[in-house]
Structures are given as C-alpha cells and as structure tokens.
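The values are calculated or read from the model by the stated rules, or taken from the named source; none is laboratory data. Please read all numbers here as calculations on a predicted model, not as lab measurements. Using ideal geometry, Cβ is built from the backbone for each residue, glycine included, and neighbour counts are taken over all protein chains shown.
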Amino acid sequence: MKKNLKSNKKTHLFLSILFSLLSFSVFAQQHTVKGIVKDETGEPIIGVSVTVKGTTNGVITDVDGNFTLQKVNPNATIVFSYITYLTQEITYQGQPQLIVTLIEDSKKLDEVVVIGYGQVRKGDATGALTNIKADAASRGFAPNAQDMLTGKVAGVAITSEGGSPSGGASIRIRGGSSLSASNDPLIVVDGVFIDNQGLGGVGNILSTINPTDIESFTVLKDASATAIYGSRASNGVILITTKRGTDGKMRITYDGNVSVSTPKKKIDVLSGDDFRAFIKESFSGLSNYDEMLGKLGTANTNWQDEILRTTFNTEHNLSVYGTANKVLPYRVSFGYTNLNGILKTSKMERYTASFSLTPTLLDDHLKISVNGRGMYVNNRFADQNSLGAALVMDPSQSVYDENSPYGGFFTWTGNDNNIIQVATKNPVSMLEMTKDKSDVYNFIGNAQFDYKLHFLPDLRLNMNLGMDYSKSDGTKWISEFSPSDYAYGGYDSSWDQKRRNSTIDLYAQYAKEFDFLDSRFDVMGGYSWQHYWRSGSNIGYRITRYDEYGNPKLDSQSNYETEHYIVSFFGRLNYSIKDRYLLTLTLRNDGSSRFHKDNRWSLFPSVALAWRMTEESFLKEVDAISNLKLRLGWGMTGQQDINLGDYPYMPTYMHGVGDQASYMRGYNNGTPVWVSLLRPEAFNPDLKWETTTTYNAGIDYGFLNNRIDGSIDIYHRKTKDLINAETKTTAGTNFKEYVASNIGNLENTGFEFAINGRPIVTKDLTWEIGTNFAYNKNKITKLSAGNEADAIRRVGMNIHMVGQAANMYYVYEQIYDEQGKPIEGFYKDLNNDGLINEQDLRPYKNPSPDWTIGFNTKVIWKAWDLSIAGHGSLGNYNYNAIAANNAGLSGTSIYANEFLSNRVRSAFDSNFQTGQSLSDYYVQDASFFRIDNIVLGWSFKQSKLFPLSGRIYGTVQNPFVFTKYDGLDPEVFGGYDGNVYPRPLTILFGVNLNF
C-alpha cells in the first residue's frame, strides 16, 4: 500500500511537471490576436493603428473596428493609436479577444501643430496661431484652397473676386499693414514659399493646390508667431500641410461630384417695353424726340439673360496611400476639375497630381519627406466688361442683325453708317467674338531631411530644398469684325511667362529636458536662401491694319527678365519651466536685393511669454476648467514685397513700342524712320524696409474637459516707414513727379474671439458648433516727411488722410428733402465759403469692415451628418458704382452721340437728371452675413452586399445672403462695386468611396 502511494505521488508529480511544460510550451508560442476597437459611445473606430510595441508588426482596424494581429508573443505590449484619441497600451496575456475603448483626447494640448521651421505642442504655443484640420465632410463646394478657410479663423477675411472660375481671392489677416506695398499674407506649402506676385494665366495662386490634398492649415497672426519669417510676415503667415502616407496596406479613396451653378441675382433694369414707355413719356417735348423714337427697336431683350447661363461642373479626385514593404509610407493622388462660369465663354479646366514619400531610416534617426505636386490648367477668360454693357445696352434692340457686317450682331452706327466708337457695344459680341485663353503648368516640390544625431540624439539637423516652377502662355484674339475693335482692325496677341522660385533652408535644433526646475530647453538656428526669378514677353498685332512694310501693325510688345533674392539668418529659443511658464525668443536677420546695399539688411526680433494657469495648484483640481493659458507677445516684422518691381532703388529705363512712343528721325526713300524711346523711370536709392511692430495679449481657454474651448486676443500693430508709392518730388530731382519713399505711419488695433463647443456627445447624436468674430480699427498717423496733420493722398474715389482709416471714400455730404430724397446738386458747404468745390469733399466711411464673423455647425445622427457654414462682416461700406454710373435720367444722359442707354431702376429712387458720382448717397452700408454652404451626407459601411465604405452627400452653395445693401452683392473687395462677376447658386451631389 505504501509502495502504491509512493508510485502515485511520483505519477502525479510527473504529470504535473509534464502539464506545466506543455502549458508553457503552448503559451510560449506566438499567437494570433483578434479584437475590436470602440470609442466611448460604443461606436467602432475605423483606421486605428494596432502595433506590437518595438516592432513593425501592425495592422489597421477595418470599417467595423475589428483587427487581426498575427505573431504576437505572450506578454507583448500592443499599442492602439489614432488621431484625436489618447494612445493606449495593453499587455497581451493570452486573451481570446481584446475589446479596447479609446478615450478622445479632449485636452488637445499634446496635439502637434506646424509653426515656422518646425512643430510645437499646441499646449506649448506662445503666439497667436490657429490650426484648422481639413474636414472633407464639411467642405462643400470648394474648388480652391482658400474656400476651406473662409469664416473659420478669427481675424482672417477672405474675399473672392466674384463667381469667376479663374478669379482670384484677397486674404487679409488683421487688416492691412501697408498703403502701397502688398497686404497679402505669406503662404508656405510644405516648406515652400509661394510668390505673392501671382502666376500668369491663373487668377488665384492657391488654385494650384488640390483642396483634397490638404491635411491642415496653420494661420500665424501675431509677431511672436510670425517673426521667424521676418521680412515676409508683416501680413501674417498661412502654413499649408498636405497629406502623407499612412501605416498599413494600400488603400484607395475616390471623391467625385457633379454640380449645377446658376445666376442667383441680377441687376434690376428697364425692360424693352418699360424703356420705350419711359422715352415716350419723358422726352416728348425735346427737339430731338423724333430722332430718339427712331432709334428705338421693337424687341424685349434682357441682356443679362443673354450673357449669363446655368452651367454643369464636375470634379474627380483619386488617392492611393499606404506603406510599401513596411518602411516607405507613400501617397499618390490625381484630380480633375471642370468649372464652367455662369458668364458665357468663361471656363476653367484643371488637372492635378501629387506624390508624397515619408520614409524613416537609420533606426528612426533620419526622417525624409519628399513631396511634389503638379498642375495643368486651361482657362478661357470672358470679357467682364460685358457685364457693365449689359446694364446700359438698349433693351429694345435685338441681339442679332442679319444685315450687320459686324459678325451679325446689332451694333450702334451713326448717320454716316460707321460704328459709333463711344456707344455701348453689344455684350454678346464682346463674349463670342473674343477668345482669351491660357495654358499653365506648375510644379511645387520639396525634399526635407531631418537627422537626429546618433551620438547626440538631442541634436537634430534639418535641410529643406524646395522649388515652385511654372510655365504659362496665352493668346487673345478679337475678331476684326467685332464691334469693339472693328475701327482698330481687330487684335491678335500672344504672351508667355516662366517663373522659378527656389528655397534652401538649413537649421539645427537642440532640445533637452533638465531636472533643474523641471524645465525643457529647445534652441534652433538656421540659414535661409530664396531666389525669385521670372521672365516673360508679349506681342500684339492688328489683324487688318498694316505698317509701311505691309506687315500687320504692331500694337504692343514687351519682354522682361527679373529676379530678386532674400538671404536670412534666424534663430528661436523655447524654454519652459514645470510645463507652466513658457518663453519664446526669435530673431531673424533679413537681406533683400530689392534695396540698396546700405539699406539691404534688417533685424526682426520677437519675444513671447505664456503661463499655463491650469497647471497651478489653485486650478489643477478645478474640474470645470480644463485649459487656461495666458499669452503675451511683442515682435517686429518687415515688408519688402513693395509692388514696384525688383529694382526700385536703381535707375531703369522703359523701352517704348509703337509710333506714339517713338520719334521720327527722318525719311528713307520717302518712308518715315521711327526710333523707339528709352524712358527713364523714377527711382529712390534711399528706399528701405517697412517695419511693423505688434503687441499681443491672449487667452486660450477650455471648460468641461474641453467640451468648450477657444481663444481671446487683443493686439496693436504699428507700421512705420510706409512705402508710399506716390510721394511728390521736387521738380527736377527725379524722372517722375511721384516716387516711392518711406513716408508715413499706420496703426491697427483689434480684438478677436473664438469659441467652439460640443453641446451633445452620445452614441447616436453629436452636435458641434463654433463661431468667431474679430474687430479691427485702422488709422493713419503720419503721411508726410514733416508733421503736416492735414496731409492727404487721393487714390481714385478713396483717400489716405492722417487721423483717418486708409482708403476712406472722399465724397460730398448729400442734402436731403423732407421726404428723405436726395436733392440733386445740393451738398453741405463744409468750409462755409459759399462755394461747393473740392474743398468740401470729406473722408466718409470705409470699405474695410469693423467686424468680421464666422460660423459653423455640424450635427451627426447615426449615419447622417448635416453641416452649415457661413461668414459675414459689419461696418463695411461699398461705393455702388453700378447705381452711380447709370443714374442720369435727362435726355442728354439717355440719348447722346446717336445712341440710347438703358437705366437701372434704382435711378428712379434718386431721380437725378445728371450723374452725381461724388455724392455720399452712393456710399452704402454693405454689412452682410452669407451662408456659404449647407452639406447633408449619409455614410455607409462595408457589407456583404456592398464591398466598399463611403459617403454620399449633397451641398447647396451660397443659398442665402442677409444684407440691406442695394447692390448685386455686398461682398466686394476694396468696396468699389462695378462690373462684379455674380456669385452663383450651386447645387452639388457627390460621393466618397473607400477601397
């Protein structure tokens, strides 16, 4: 019995050891791990990166949040990461399935944002900057990059040039800091500087970038954020970061849409019947009444209907991205856009392609980023003067006249049967008998190398090589039978342009954390070289007019080649103590070839302080406050983009072309011999930098775990040594009456407020809402070399005057009758001298707004999403030139030089018999709020019935504008409401598919 007991013990011991060994053997084998990743509401998250820590073994969750990870060792750490969520690490211990819940990173303080020459944690930023992620679901109809920014950033005003498919856009950050120099911000795409002088054949430089390729925008607003760019940054900086490859297998995304655009509103003018009745009722007593009646036609032509149309547009975008061989993240995209303008004959056709390679080599010590994007665009431009002609062309006349030798179009001719040159030309003929085209090729690319030293990992060396190259050409042909050019013999011209902007940036960055005061030290220093070169030519001939040699008569000819350089040394110091007290110092020394060597270099410093108050003990335990950071900044920036060419400091000469710019030297066998003139241009060797000094104070805030967040900023900007392009010179001291000089000072003072909230966050329903508004006051404080307080400079309808905002309207103060109607020719005698003359003109109102407003909201309910975005302004005034130029109702205003002119109906409100263009009656409040787009979408997941995931959406663009303005559209850059291309109403249907 004892023997059996011992035998059983040995057996049990052997079996236990054997079982343990088998268990260990089984557990030691590599496993296949399956699981699902969800968010806090229980919804699966698509695209989460699931990797085994310390290896390249990883996968991406599918449309249902599921993943399968092969070859996982026991006790391995699995890392789950996804943008906007906190990264989570889980130790694998043989679980049959992992259910992982990711927590949204609501603090957002560790989010990395792009700044000048590097990146920074959002919580560590000391300057006034705003980062906007590109949201494809809320994008709506946005064929150009700036459309994605409109209304999204406080203090940034974006105004497009109407509805033209090739039209440009004006971007202003915190108002304008210059009078004659550029007020455009610096735009940097993946480290490549974009030339503000524009691109021939393309109205909008940002149209070179496909919006679907954009990952994010970072807008730098105050000097502490922008001073690292020195001479380029007086008007703010917009950094555009494009999309990169991602970890995992290859994925394909298609985004396409079709849209219909139609004129939304037209100017109210007299119809043919109304015009005939007006002539008969108003001018029967005139001596030339019968002559006027004889000129009337029998038609009812709506000339705006004849030149405007409803159009069909398409857009297609395809992107392929992933990681090749687990070491080379890549992204390739292709895009095609076809936009037909609502003004007949206007069209833009664009092809884009891009690639991005972002490998990490040498054990993560060397990061390489190679990006390139190319564009080809074919434009046809419509003659926008036809818009103005359509308002005044006699509506009683037909469009066509079968007996007309002028292309078969009705044309005003005099009693001598010749074209009346001063008469309104047929608007349809202006479009159909003119072909104005351009072909543009553009490439923007860069290669950036970031090396973390093996022997000193805290030190990084960065080199960025970039280029922006373009080649464009175009032709403009006007038929010799066209009413507009018949007397001149038609027109045939061609032009070309080449442009090459090169950038080399080199910098070193050393970052170190110290136990002393729990501090972090980050210092960067570098060198930048930029070269801007362009050349071009144009030549134009008359088709049926010939010179003395029998050749088509030369009408215009020019060619040019020009370049300028900017060389810079820069540095930045970031220092933080206890993650609470932050200091940033920047310094940049810029040299520009646009100035004389004695004035070429200038130093631009800045300093900023920030206090993260929520890290203090008295706030750290306050759950309601999740972020509170105080920012103070001061800095100086410069301006050398002076709109006066590349050589304003040296004597240059203009080569004259044509008989009018030549003198006759004599005769050769009876034939005149003409010699072209070389005309000297004005120059100023003492020209130097404009300098803008900015003071900024701001607060970044967040409440309720950042369910509510935003920022508040106040600023004061002072620009001195304004480059004044029209400084009057002493007779005989220069080659022109006016020359560019550094005379004048300008100030901008403002306030900005932005707030974003998520009032509802549940499993099935999420509501996000955001708004921003900004106030800016502009004032000229000096405008002369001396201290003349009454110094003024007129610019058309506008004036610069000390003590006033720039570009105030300069008009008479209108007097009204008891019924509130303006009395023709009655204006206030401001100087009480008994006369009404130029001495009684006064600065009145401003085209720039006092307030700008942005609004956006998004509601997500299950698979449905609804987004609404809008923007507006308050306190801006337009000069209604359409009403002012078409106001005269007298017989001589309606009928002169043997042709009739129509009138806008608003002319009968004032009943002016002759035009009163300098009356403040036409300076009208143009405050507005526009709903930019309404987007409704439905998302679907991959299923057995349909192997793809994606989204179907519809957009209404420009549906509503709320305004009291009497004109066609209150949103007019510069405030002069003349022949503005109407913004259309667009309805779009699109689909997004993920393969």
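A residue that is under 28 Å from F989 (Cα atoms) and either crowded, with 22+ Cβ neighbours inside 10 Å or β-branched (V, I, T) (or both) occurs somewhere in segment 165-177. Pairs meeting the criteria (first residue in segment 523-537 and farther than 10 Å from T503 by Cβ, second residue of a type in the set (K, R), beta carbons under 6 Å, at least 6 apart or on different chains) are M524/R572; W533/R500; R534/R499; S535/K498. Modelled with pLDDT under 90 and small (G, A, S) - does that describe any residue in segment 233-240? So far as segment 233-240 goes, yes, one or more of its residues are modelled with pLDDT under 90 and small (G, A, S). Note on segment 716-731: among residues that are modelled with pLDDT of 75 or more and not in a strand (DSSP E or B), the one that is nearest to I792 (Cα to Cα) is L722.
Could you check, for segment 453-468, whether at least one of its residues is of a type in the set (A, V, I, L, M), crowded, with 16+ Cβ neighbours inside 10 Å and part of a strand (DSSP E or B)? Taking every residue of segment 453-468 in turn, at least one turns out to be of a type in the set (A, V, I, L, M), crowded, with 16+ Cβ neighbours inside 10 Å and part of a strand (DSSP E or B). Answer with yes or no whether D184 is under 14 Å from the mean Cα position of the chain (by Cα) and in a loop (DSSP other than H, G, I, E, B). Yes, satisfied. Please verify whether segment 117-131 includes one or more residues that are surrounded by fewer than 21 Cβ atoms within 10 Å (Cβ to Cβ) and within 30 Å of F989 (Cα to Cα). Among the residues of segment 117-131, at least one is surrounded by fewer than 21 Cβ atoms within 10 Å (Cβ to Cβ) and within 30 Å of F989 (Cα to Cα), which makes the answer yes. Segment 37-143 holds strands (runs of 3 or more DSSP E) entirely within its bounds, and those carrying 1 or more residues that are within 30 Å of Y715 (Cα to Cα) map to 112-115, 118-121, 129-133.
Please verify whether R121 is more than 29 Å from T586 (Cβ to Cβ) and of a type in the set (K, R), treating the condition exactly as stated. Give the steps one after another, and end with the answer.
Details: more than 29 Å from T586 (Cβ to Cβ): no; of a type in the set (K, R): yes.
The answer is no for R121.
Filtering segment 154-181 to residues that are of a type in the set (S, T, Y) and assigned to a loop (DSSP other than H, G, I, E, B) leaves S164, S166, S177, S178, S180. Exactly one residue among Y844, Y895, Y827, Y921 is touching a residue at least 24 places away in the same chain (Cβ under 8 Å) and closer than 17 Å to P970 by Cα, and that residue is Y921.
Kindly establish whether K476 is among the charged types (D, E, K, R), at pLDDT 95 or above and touching a Gly at 6+ places or on another chain (Cβ under 9 Å). Spelling it out, K476 is indeed among the charged types (D, E, K, R), at pLDDT 95 or above and touching a Gly at 6+ places or on another chain (Cβ under 9 Å).
Just one residue in the set V100, V112 is among the hydrophobic types (A, V, I, L, M, F, W, C) and either modelled with pLDDT of 85 or more or surrounded by 14 or more Cβ atoms within 10 Å (Cβ to Cβ) (or both); that residue is V100. Filtered by the rule that a residue be surrounded by fewer than 22 Cβ atoms within 10 Å (Cβ to Cβ), of a type in the set (D, E, K, R) and part of a strand (DSSP E or B), segment 568-611 gives no residues. Tell me whether segment 246-267 contains one or more residues that are out of contact with any helix residue (DSSP H, G or I) (no Cβ under 9 Å at 6 or more places or on another chain), closer than 28 Å to N385 by Cα, of a type outside the set (F, W, Y) and part of a helix (DSSP H, G or I). Looking through segment 246-267, none of the residues is out of contact with any helix residue (DSSP H, G or I) (no Cβ under 9 Å at 6 or more places or on another chain), closer than 28 Å to N385 by Cα, of a type outside the set (F, W, Y) and part of a helix (DSSP H, G or I). Those strands (runs of 3 or more DSSP E) of segment 780-878 in which at least 3 residues are crowded, with 16+ Cβ neighbours inside 10 Å, within 38 Å of the chain's Cα centre (by Cα) and not small (G, A, S), considering only elements entirely within it, cover 798-801, 808-811, 842-844, 851-861, 864-874. Looking across V72, V100, V120, one residue alone is touching a residue at least 60 places away in the same chain (Cβ under 8 Å) and more than 30 Å from G191 (Cα to Cα). It is V100.
To keep it simple, each residue is scored yes or no on (1) surrounded by 15 or more Cβ atoms within 10 Å (Cβ to Cβ); (2) farther than 30 Å from D579 by Cα.
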residue	(1), (2)
G490	yes, yes
K498	yes, yes
K512	no, no
D515	no, no
D518	no, no
V523	yes, no
Y527	no, no
R542	yes, yes
K553	yes, yes
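Picking from residues in segment 658-703 that are over 39 Å from the mean Cα position of the chain (by Cα) and of a type in the set (V, I, T), the one that is modelled with the highest pLDDT is V675. Collect the residues in segment 353-379 that are surrounded by 19 or more Cβ atoms within 10 Å (Cβ to Cβ) and closer than 17 Å to G203 by Cα, keeping them in residue-number order. Selection gives M375, V377, N379.
Being at pLDDT 85 or above and surrounded by 15 or more Cβ atoms within 10 Å (Cβ to Cβ) is the requirement here; does N706 meet it? Yes: the conditions hold for N706.
When D473, D555 are screened for being in a strand (DSSP E or B), in contact with a Lys or Arg (Cβ under 9 Å, 6 or more places away or on another chain) and charged (D, E, K, R), only D555 passes.
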